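Comments concern the structure below.
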Amino acid sequence: MPQTILNNDTIKKSKIYYYNPNEKHSVFDFCKTLSSLIQKKSSQKTEVVLLCIGSDRATGDSLGPIIGYKLSQFNYPNLTIYGTLSEPVHAKNLQKTVNKIKKNHKDSLVIAVDASLGTDKHLGFITLGEGALYPGIGVDKELPCVGDIFITGIVNISGLLNNMLLQTTRLNIVMQLADFICYGIKYSIIKHSV
């Protein structure tokens, strides 16, 4: 499921921001940019849908469901979450979930979250950008693009046997990324609802 790639149209329209959780002001910068993107994209949309993509069966692919689980513990009136540890959104049910979101949340802002694979220098980084997420590219799956805003956590280095890399990803990296992303989403959703 991981490895997010943007098409050429999205790349021309949107800048991709990289955040290193180990840098001092990184979480502040992430919150500021995410809040700005939510404000920009949600001019007449009061509801935010968080689509957390991934599976709880592979450590490297569990980033999305962990974030969904953590944020579902709180009750935000303007936030609906799809994809948790108990009900993950993955390759087999992504299209069905997208259809459900389109039907039940027509005028909502969709933030798509997924794990991704990247280069050695970006291992453990978070990306954020405006536009759709293209899940499944890194493991050669054709899945629907989703979201108005995307967030990814780079959980491992891309290479041969990407599926195997997801199985051997360190849980510590996934949890650090999940904590960082959850903090940013909580801050931005609270700010958006005020």
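Here is how the numbers come out for the structure above:
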| item | result |
| --- | --- |
| Residue list for region 57-68, filter: part of a helix (DSSP H, G or I) and either touching a His at 6+ places or on another chain (Cβ under 9 Å) or under 19 Å from Gly147 (Cα atoms) (or both) | Asp61, Leu63, Gly64, Pro65, Ile66, Ile67, Gly68 |
| Residues located in region 32-49, provided they are outside any helix (DSSP H, G or I), surrounded by 18 or more Cβ atoms within 10 Å (Cβ to Cβ) and polar (S, T, N, Q) | Ser42 |
| Region 50-64, subset crowded, with 24+ Cβ neighbours inside 10 Å and more than 10 Å from the chain's Cα centre (by Cα), residue modelled with the lowest pLDDT | Gly60 |
| Conditions (1) over 24 Å from Tyr19 (Cβ atoms); (2) modelled with pLDDT of 95 or more; (3) not acidic (Asp, Glu): number failed by Leu71 | (1) |
| Matching residues in region 69-99 - criterion: being touching a residue at least 40 places away in the same chain (Cβ under 8 Å), under 13 Å from the mean Cα position of the chain (by Cα) and not in a loop (DSSP other than H, G, I, E, B) | Leu71 |
| Top-ranked residue in region 100-122 [being in a loop (DSSP other than H, G, I, E, B) and without any contact (Cβ under 8 Å) to a residue 40 or more places away in the chain; ranked as farthest from Lys40 (Cα to Cα)] | Thr119 |
| Members of region 123-152 found to be more than 16 Å from the chain's Cα centre (by Cα) and either polar (S, T, N, Q) or part of a helix (DSSP H, G or I) (or both), listed by number | Val139 |
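The values are calculated or read from the model by the stated rules, or taken from the named source; none is laboratory data. All of these numbers come straight from a predicted model, not from anything done at the bench. Quick reminder, even Gly has a Cβ in these numbers, built from the backbone with ideal geometry, and neighbours come from all protein chains shown.
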